[in-house]
Amino acid sequence: MKDQVIVVGAGIAGLAAAIRLAAAGKQVRVFERAAGPGGKLSDFKLGDYRFDLGPSLFTMPQYVDELFRLAGEDPRDHFNYQRLETVCHYWWPDGTQLAAAADVSQLAENCATAFEVPAERIKAFMQRAEQKYELAGRTFLEKSLHQVDTWLQPSVAKAMFRIPGLDLFRSMHRVHERELGHPKLVQLFDRFATYNGSNPYKAPGLLSMIPHFEHHFGAYLPKGGMVEISQSLYQLGQRLGVSYHFNTEVAEIERTAQRVTGVRLNDGSRHRAEEVICNMDVFLAYDRLLPGAKQPKRTLRQQKSTSAIVFYWGVQRSFSKLGLHNIIFSDDYQTEFAEMEAGRMSNDPTVYINVTSKLEAADAPAGCENWFVMVNAPADTGQDWENLKRLTRQRVLDKLAPLGLAPTEKEIVEERILGPTEIERLTGSHQGALYGTSSNGKFAAFLRHPNFSRRIKGLYFLGGSVHPGGGIPLCLLSAKITGEIMMGSGNVRVPE
Ligand code: FAD
């Protein structure tokens, strides 16, 4: 009889782990509370407009391709994507614009023209981003930080030796000021802190490696939209024999004193397994699924990543100035983040607009566009979100108007609005955090929950709320690390 594994949650990490384990010969059942797979990476329709619910930026597609190859399939038979030549269109309140090319040399030229700075400065910055990634990023993102094996690797010793050059003790913003100089250029690169829901004025300078992901490995849009990532992985799991149970909520992870025995569902039924993988937000998992278990309090107390207010608009007009990804910056970035740190929404928010119908015509009727408009928000601590959503909607329209980018009320023919409380309710992330915990401290990476339980044998954790963090690529890596631990490649744990 095959080893039985249960996965709680069919988010991107749960889907990826199910594939890895089924490909290795385990019998895998996935229990998912929602009606379908994907979690934050799902989609919906409003009239004739299609919207991806959450993620809009896709980097590191190789981690998805790898899952098809593991199963002996050619990814191109099932999942396709196009590389973006222009990764983002930026606007500043004074009318400055920049279309940022993916290619580093071209990006450097774009910046040199827009800000009258030497192109070499941007190239040198991007080179340092690459060095940081090669030196520390690879090791710390692709391996468990909670196992002896990781710390015995020569690459880790090398990274530790080079710590002063990794800018761990300087904020990302300070590094950008030092290396880029021009305030708008600094703001542009500070923005990358939001890729994991962090604050550039607090997050360590090591995170200035993030642009390397977008400008070296590339930014992509899957054919059929972001949802195709989770849909194609769900179908791959089905071909490998994974059994999925939707509309099925796990109420408890059952265990003896030392090891898991299975799960109990909301309907009271019990299902036995030697191993349980939890893709639910780790904070809520301890709170709801593991009654009586000793909680790693320090880990669970870490500051949450930012949340968001998202407006999904069916717009009955086409805006030729917009591309797939667009950012309209606030006037004062530091104040915007300070407001969020204080749990408030900024009066002058940076606005992100994603329009997949620019590349996927079927996502909106002819001559119309599907706008995903996102504004960063603090995690939910009981703010009056209905009022904040109303105020923010008007601020967004006011901000877009002088740039000629605002649709009229009549042109917004479909609308749905999500705030932090809906994000928590729909996707089960504590306080509506988009990326689990923030990276706002020097040691944030080391304080994320490990991919396994230190106390309960056979219990594993993956997804955006645990190591190595949130966002699609890191969630896929969490599944890889968990799979490797479960399969026994690197299972020597750091003693408590
Ligand atoms: P989740 O997607 O969090 O799914 C967890 C699943 O577990 C859910 O389906 C839930 O229903 C299920 N579940 C929870 N509890 C139970 C239970 N008790 N029983 C059964 N099932 C349960 N990332 C990017 O890379 N690029 C982006 O552009 C980007 N933008 C984002 C924008 C928004 C608005 C949001 C919300 C997120 C964004 N992210 C982005 C982050 C990214 O979506 C997440 O990091 C990632 O999708 C999280 O995946 P996960 O595997 O942790 O699972």
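The values are calculated or read from the model by the stated rules, or taken from the named source; none is laboratory data. All figures in this text were calculated on a predicted structure; none of them were measured in a lab. Cβ sites come from the backbone with ideal geometry, for glycine too, and all protein chains shown count toward neighbours.
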Could you list all residues from the stretch 2-25 that are in contact (Cβ under 8 Å) with a residue 24 or more places away in the chain and either farther than 23 Å from Val466 by Cα or among the polar types (S, T, N, Q) (or both)?
Lys2, Asp3, Gln4, Ala23, Ala24
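I'd like to check something: does the stretch 293-305 contain any residue that is modelled with pLDDT of 95 or more and under 19 Å from Pro420 (Cβ atoms)?
The first filter runs over the stretch 293-305 and keeps only residues modelled with pLDDT of 95 or more, leaving none.
No, every residue in the stretch 293-305 fails to be modelled with pLDDT of 95 or more and under 19 Å from Pro420 (Cβ atoms).
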Any residue in the stretch 384-406 that is closer than 30 Å to Ala251 by Cα and either within 16 Å of the ligand (Cβ to nearest atom) or not in a helix (DSSP H, G or I) (or both)?
yes
What is the residue count in the stretch 185-244 for residues that are in contact with a strand residue (DSSP E or B) (Cβ under 9 Å, 6 or more places away or on another chain), of a type in the set (D, E, K, R) and within 22 Å of Asp77 (Cα to Cα)?
2
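Is it the case that the stretch 48-60 has a residue that's under 28 Å from His212 (Cα atoms) and among the small types (Gly, Ala, Ser)? Steps first, answer last, please.
The first filter runs over the stretch 48-60 and keeps only residues under 28 Å from His212 (Cα atoms), leaving 51-60.
Filter once more, keeping what is among the small types (Gly, Ala, Ser): 54, 56.
Checking the stretch 48-60: at least one residue is under 28 Å from His212 (Cα atoms) and among the small types (Gly, Ala, Ser).
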Looking at the stretch 432-448, I want the residues that are more than 14 Å from Thr299 (Cα to Cα) and within 13 Å of the ligand (Cβ to nearest atom) and have a partner that is in a helix (DSSP H, G or I) and at pLDDT 85 or above with Cβ atoms under 7 Å, at least 6 apart or on another chain. Which pairs are those?
Gly432/Pro420; Gly432/Thr421; Gly432/Ile423; Gly432/Glu424; Tyr435/Asn196
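Would it be correct to say that Val64 is in contact with a helix residue (DSSP H, G or I) (Cβ under 7 Å, 6 or more places away or on another chain), within 13 Å of the ligand (Cβ to nearest atom) and closer than 18 Å to Gly241 by Cβ? Quick ask: steps written out before the conclusion?
Details: in contact with a helix residue (DSSP H, G or I) (Cβ under 7 Å, 6 or more places away or on another chain): yes; within 13 Å of the ligand (Cβ to nearest atom): yes; closer than 18 Å to Gly241 by Cβ: no.
For Val64, the condition - in contact with a helix residue (DSSP H, G or I) (Cβ under 7 Å, 6 or more places away or on another chain), within 13 Å of the ligand (Cβ to nearest atom) and closer than 18 Å to Gly241 by Cβ - is not met.
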Pairs please, first residue from the stretch 378-391 and over 17 Å from Phe337 (Cα atoms), second anywhere and surrounded by fewer than 18 Cβ atoms within 10 Å (Cβ to Cβ), Cβ atoms under 8 Å, 6+ apart in sequence or on different chains.
Trp385/Thr421; Lys389/Ile417
Tell me, please, whether a residue that is of a type in the set (S, T, N, Q) and touching a residue at least 12 places away in the same chain (Cβ under 8 Å) can be found in the stretch 113-123.
no
From the list Arg50, Arg69, pick out the single residue that is away from the ligand (no atom under 15 Å from the Cβ), of a type in the set (D, E, K, R) and without any contact (Cβ under 8 Å) to a residue 24 or more places away in the chain.
Arg69
When you go through (1) part of a helix (DSSP H, G or I); (2) buried (at least 21 other Cβ atoms within 10 Å of the Cβ); (3) within 14 Å of the ligand (Cβ to nearest atom) one by one for Asp287, which number turns out not to apply?
(2)
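With the requirement that a residue be on the phi < 0 side of the Ramachandran plot, within 7 Å of the ligand (Cβ to nearest atom) and not charged (D, E, K, R), what does the stretch 34-47 give you?
Initially, the stretch 34-47 is screened for residues on the phi < 0 side of the Ramachandran plot, giving 34-37, 40-46.
Adding the requirement that they be within 7 Å of the ligand (Cβ to nearest atom) leaves 34, 40-41.
Passing the criteria: Ala34, Leu41.
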Going through Ser269, Ser230, Ser243 one at a time, which residue ends up being among the hydroxyl-bearing types (Ser, Thr, Tyr), closer than 27 Å to Arg416 by Cβ and out of contact with any Cys (no Cβ under 8 Å at 6 or more places or on another chain)?
Ser230
Residue among Leu84, Leu21 that alone is farther than 28 Å from Ile423 by Cβ, within 16 Å of the ligand (Cβ to nearest atom) and at pLDDT 95 or above
Leu21
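Taking into account only those residues within the stretch 86-112 that are part of a helix (DSSP H, G or I), without any contact (Cβ under 8 Å) to a residue 40 or more places away in the chain and of a type in the set (A, V, I, L, M), which is surrounded by the fewest Cβ atoms within 10 Å (Cβ to Cβ)? If you could, list the steps in order and put the result at the bottom.
Taking the stretch 86-112 as the starting set, the residues that turn out to be part of a helix (DSSP H, G or I) are 104-112.
Now restrict to residues that are without any contact (Cβ under 8 Å) to a residue 40 or more places away in the chain: 105-106, 108-110, 112.
Right, trim to of a type in the set (A, V, I, L, M) and you get 108, 112.
Values: Ala108: 22, Ala112: 17.
Looking at the filtered set, the residue picked out is Ala112.
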